[in-house]
Structure formats: structure tokens, C-alpha cells
Amino acid sequence: FQYTVNPLPVPIQATPLEVCDDMAGGSDTDEIALFDLTSKELEISGGNTSWNFTWYNTDDPTQLNNATLIQNPASFQNDIAGHQTVIAQVTDENGCEVTTTLTLTVNPLPSPEASIPNYVVCDDDNDGFVEFDLSTQSDFIANGEPGISITYYTTAIDAEAGLAQNQVGPLYQNTVAFTQEIFARATNDVTGCHRVVSFMLEVTGLPEVDFSAATDMYACDVDNIGSARFDLTANEAAILGSANPSDFTITYHESEADALVPQNAIGNNNLSNYQVTTANSPTTIWMRISYTTTGCERILSFDLIVNEAPSISHPSMLSACDSSAQAIDDEIGLFDLTERTPAITGGDNSLAVYYYEPGADPMSDSPIVNDMAYENPAGMNPVTIPVKVVSPSGCEQLTTLTLTVTPNPSIADPLASVEVCDADNDGVEEFSLADLIPDILNGEPNVAISFHLTAADAESGTSPIDTSVPYQTSVGNTQVLHVRAENVGPNGTDGTGCYVTRTLTLITVASPEVVALEDLYQCEDESLLPGYAVFDLTENHVNILGNQNADSVTITYHENAADAATGDNAIAVPMYYTNAAPYT
């Protein structure tokens, strides 16, 4: 007979069979997992499908008879954690048998961070959708484990499958408004083992405050020290509106970069007393408003502007005459306060000047309304009133203005009429107005008297009558002149200017008319010295009076023309007059 020696099958030593830890042993960290041993049969047989495989749970080929037969090699659970060796008995088509070993390895799963906080991004338009950079979460999820790749998916199924075409990111805009779950697959770059965790994308709105309410701040260098101080928090109430301030964290910074970080916040001690020098005006301040819970912030800026206070001068006293308002002796005057405005402002028309009642607060909004026709309060003379000057930038300076009511000249009212005899009875006569002034003044100093033909001229002080020459009347026997008495001061130009006007009546009185006089003759009286006699001068009365009423005329006799002109040294008994010279 013939016999044939069949060669033994020559199996190929298989590479270790590696799987990832699973829940087969009740935990995915116990290094117990299910293996499909049959997945290595083609590798061991070199692709020979006629070979049969029997698997034993042992690593000793000599102990196959005592080893446990693996009943289901397609789902074998290792019983030695981590690494284990099993034996495959290979039988070829001739029934020849050999054994080979297979190393089983359970690779651990990655250990990504399981408690992943919400990935919060602030919504710049508060519509619930923003772009997230998922890659910013990868290092945290990897939890410091090296060789781990993180990929992102919108469903757990896609994350477990790990299909590249279903990945999202790294830049990803959420598709569910405000909150959306994202699944992260952490994969070991060497073993391919992975674990899936999830976290929430959260879209948080920016602080809903009124940024338009933030306005630039202005302060005035009132003391001209080159700086001013600001309360940086002054805008907060308007910006927050009805929002609860406790919901926000507000900081102030000197640069936008610091506000974005944030860093180098201005200290609380300086917030309400922040100093800016004139040289650094305007200074920009950056205000960061963030939600205390989410940290979402908005940043705005406003300028601090230091304005110089207006340059003003203290005004001199303003006077008004007692006759300018109400009664002429009540010490109430009518003042045009604006007369002092140019002196206060130095002619700067950009400055606004406001005048206030005595004792009023000049920082109030209640200045004197009719400042061009203001009457001082009764019983307050002189009186000092507050004055506020405001620049176009709103800076203010304060000063005061003293008002004084000055009395009017106190000349008689009415003035006594002045009579002059008309020597020729033509109704025209001369008056010495200059001689009348002392009587009109009656001793009052610092007052100038002028005479005028009309009341209007007297009021305006124009067209005075020349008193250096006699004034000749021209209107019948009576003429009315208008007298102006004005306070001109001790030097004639430094008076108050207060004046009064009076009327003065000039009366031309007709002179008696002597019709005809007859010489008187008398015989020498023997009882007297030769050449002398006694005369009755009144014998001429009839001739002197003519048709004149004797009751309206007084007749006196004088020994010379000079005495007759002045009315002096009248002859005491004209009915018994002895001639002073013999015979004449």
C-alpha cells in the first residue's frame, strides 16, 4: 500500500487582537471586553477558508485537553483584565492539526471631562444665534490626556459612529436658538478608542441697557487751577434705566484694551472724584457693563471735558435816581441792570449774564426777568444783588452788583415868580437869571441850574438859556421858563445826574405913568432964612396920577434922582418940605 504523509498546516502568527474597553464586565474601565476571535482566522490561515478553528481559553498548548473550549469565539469575554492569550487549534482539510496563540488586548477608553460647563457666548444682537468656536473646548474636554482628538457632532448617534462627514465645527453657529446640546467624541489617536460626552451651547444676550444715554461729561475749572474733577458714575442711572443695578458689574478704564480684558480698573475711591487736567482734556473713559452671572459685557466710552470758567470783572456800583420809579422820595429806583453787563463780561458777547433778587440763590433757574427795568425792594437802599455769568460751555462764575438810589435835588416846588418893572411899559424887560440861581438852590451843593424855553429841553438838558447876559422876555407881560436842577457832583462831572424840573414865571410889571408935572413956586418965608420957603409937594399928585387909580400907586418924594430910583431916603413929610438950597 501506499501511504502519504500530509504536511501540517502552517498558521501565521496573528497580530494581537485589540478592542476597546466596553461594558461587558459591567464597567468600561475594568479592561474586560468582548472579542470576536473569528476576526483573526483569515489572518492566521493566510486566507485559506478550508481550515477549521477551535478556540481554547488557555495560553498553554499542552493543556488543551484540560482547557475550556470557547463555545462562542465570535463573542468571547476575556477573564484576565487588560491582556490575555488564547489558543486556536487549526485543522486543515486533511485533518492535520496545529495550534497557535492569539494575544488579546483591552485598550482603555479616553477619559474626557464629564462635567463640561455650558459653553456661553454673548449674543451681539440678542436673536439667540451666534458662532461658537468649538475648538476652544477641546483642551478642557481632553482633560490633559495626551494623544486624544476631539471631534464634534450634533447627535449622540453621529458621535458614536464618528463619521467624518457628520462632524461640525470648529466654527459652528447653533441651529437651536439660545441653547443646544453638542456631542464631543474623544478618540485615542493610537487605539482609536473613543468616548462621547456632551455639553450645552448657551447664547446669552448682552446687557440690555441704553447706551445712547451715555453722554460726555463737562466740568469747569472754576478756580483756574488747571484741572477739574468728575463723577464717573454720573451716567449709570440713565444707562441702566429701570434695570436692577445688582444684575451688573460696572468698571471704568482708561483704555479700550483694559476694558476688553478687563484689567486696570479705576479704583472705587476715584470714581466720584476723578481728576482731569486742562492739558489732557478731553479724556476718554471706557465703561464696561457686564452681567454678573454670565459675564456678557458691553463697552462704551465717553469724554471728560474740562472747560475754563468765564473771565469776569466785579462791576462798579449802579445808581438810579429816586425819581426814576414810583414816588420821588421813597428810595426806590428803576435800574437797567444790563448797563453793567459789558463791564462784567469785558465785552465778551458769548457770555450770558443773569441777575438775581437780593438773597436769592444764583445757582437757581429764577433770575430777574425784566432786568432792563428793575426796581429795588422797598427799604433796601443800597442793596447788593447776586450775578451769575455763564459761558457757552456752561461754566459759571459768580459776582455781585450794588444798586444805590440817589436823591433828587431838593429845590422848592413851586418856584416863586420873579417880577421886574417895565420902565417903558412895552411888555419887554430884562431878567438876570444868574442872580436867581442862589435863591433857587437855597444852599444845596453840587447842583447845577439851567433854564430852558420848553419842558422837553429841560428834561433832556438841551438848549439851555445863556445866563451870562440878561434874559429879555419876549412874550407879553408874563413868560414861563423851565428850570432844570441836576446833581453834577463836587467836580461838576462826577454827580449822580439826578435832576428835577420846575417852572419859573417871569412877570414884567408895568411902571406908573407920570402924566405932567408942574414946577412949584412959593414966596419967601419971612420966618425962615432968606431964600427958603415951605412947599406942599403933594400939589403935584393930581398931575402925577392922571387917570391912574390912586390906590394902586404909591408916590414918594426924594431930594435926588438916585434916591428916587432906589426908593431910598424918601422925604418924610412932603406936605411941609423946606427947600434944601436957597431959592431952588
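Pairs meeting the criteria (first residue in region 559-584 and closer than 22 Å to Cys523 by Cβ and at pLDDT 85 or above, second residue aromatic (Phe, Trp, Tyr) and assigned to a strand (DSSP E or B), beta carbons under 7 Å, at least 6 apart or on different chains) are Ile571/Tyr577; Tyr577/Phe535; Asn579/Phe535. Close contacts from region 135-147, counting a first residue that is free of Cβ contacts under 8 Å to residues at least 60 places away in the same chain and a second that is open to solvent by 60 Å² or more (accessible area, probe 1.4 Å), with Cβ to Cβ under 8 Å and a gap of 6+ residues or different chains, come to Ser135/Pro170; Asn143/Ser111; Glu145/Ser111; Gly147/Asp189; Gly147/Val190. Evaluated against (1) under 19 Å from Thr293 (Cα atoms); (2) surrounded by fewer than 18 Cβ atoms within 10 Å (Cβ to Cβ); (3) out of contact with any Ser or Thr (no Cβ under 7 Å at 6 or more places or on another chain); (4) at pLDDT 85 or above, Asp247 falls short on exactly one condition, (3).
Of all the listed residues (Val369, Val389), the sole one being over 24 Å from Glu459 (Cβ atoms), among the hydrophobic types (A, V, I, L, M, F, W, C) and free of Cβ contacts under 8 Å to residues at least 24 places away in the same chain is Val369.
Conditions tested, residue by residue: (1) among the hydrophobic types (A, V, I, L, M, F, W, C); (2) outside any helix (DSSP H, G or I); (3) surrounded by 14 or more Cβ atoms within 10 Å (Cβ to Cβ).
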{"residue": "Thr100", "(1), (2), (3)": "no, yes, yes"}
{"residue": "Leu104", "(1), (2), (3)": "yes, yes, yes"}
{"residue": "Ile116", "(1), (2), (3)": "yes, yes, yes"}
{"residue": "Val120", "(1), (2), (3)": "yes, yes, yes"}
{"residue": "Asp139", "(1), (2), (3)": "no, no, no"}
{"residue": "Pro146", "(1), (2), (3)": "no, yes, no"}
{"residue": "Tyr152", "(1), (2), (3)": "no, yes, yes"}
{"residue": "Ala159", "(1), (2), (3)": "yes, no, yes"}
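Within region 479-498, residues that are on the phi > 0 side of the Ramachandran plot and at pLDDT below 90 have Cβ atoms under 6 Å from residues that are of a type in the set (Gly, Ala, Ser) and open to solvent by less than 40 Å² (accessible area, probe 1.4 Å) in these pairs: Gly489/Gly495, counting only partners at least 6 apart in sequence or on another chain. Answer yes if at least one residue in region 217-226 is part of a helix (DSSP H, G or I), in contact (Cβ under 8 Å) with a residue 12 or more places away in the chain, open to solvent by 40 Å² or more (accessible area, probe 1.4 Å) and not basic (Lys, Arg), and no otherwise. No.
Of the candidates Ala352, Ala360, Ala320, the single residue that is farther than 20 Å from Pro382 by Cα and open to solvent by less than 70 Å² (accessible area, probe 1.4 Å) is Ala352.
The requirement of being part of a strand (DSSP E or B), under 30 Å from Gln275 (Cα atoms) and in contact with a helix residue (DSSP H, G or I) (Cβ under 7 Å, 6 or more places away or on another chain) is fulfilled nowhere in region 188-208; no residue meets it. Just so you know, in region 66-83 the residues that are aliphatic (A, V, I, L, M) and surrounded by 13 or more Cβ atoms within 10 Å (Cβ to Cβ) include one that is nearest to the chain's Cα centre (by Cα), and it is Ala81. When Ser27 is tested against (1) within 25 Å of Val190 (Cβ to Cβ); (2) in a loop (DSSP other than H, G, I, E, B); (3) in contact with a strand residue (DSSP E or B) (Cβ under 9 Å, 6 or more places away or on another chain); (4) modelled with pLDDT under 95, exactly one condition is not met: (3). Which pairs turn up if I take residues in region 337-355 that are acidic (Asp, Glu) and in a helix (DSSP H, G or I) and look for partners that are open to solvent by 50 Å² or more (accessible area, probe 1.4 Å) and at pLDDT 95 or above with beta carbon separation below 9 Å, at least 6 apart in sequence or on another chain? Short answer, once both residue conditions are applied: Glu339/Met372. Return the residues of region 418-440 that are modelled with pLDDT of 90 or more and either under 25 Å from Asp329 (Cβ atoms) or open to solvent by less than 60 Å² (accessible area, probe 1.4 Å) (or both); say none if nothing qualifies. Once the filter is applied, which keeps residues that are modelled with pLDDT of 90 or more and either under 25 Å from Asp329 (Cβ atoms) or open to solvent by less than 60 Å² (accessible area, probe 1.4 Å) (or both), region 418-440 yields Val418, Phe431, Ser432, Leu433, Ala434, Leu436, Ile437, Pro438, Asp439, Ile440. Within region 302-323, one or more residues are part of a helix (DSSP H, G or I) and touching a strand residue (DSSP E or B) at 6+ places or on another chain (Cβ under 9 Å).
The values are calculated or read from the model by the stated rules, or taken from the named source; none is laboratory data. Everything quoted here is computed from the prediction, not taken from an experiment. Cβ: placed from backbone, ideal geometry, glycine included. Neighbour counts: every protein chain shown. To get the accessible areas, we keep the full protein, side chains included, count just its heavy atoms, and leave off ligands, DNA and RNA. Shrake-Rupley method; radii C 1.70, N 1.55, O 1.52, S 1.80 Å.
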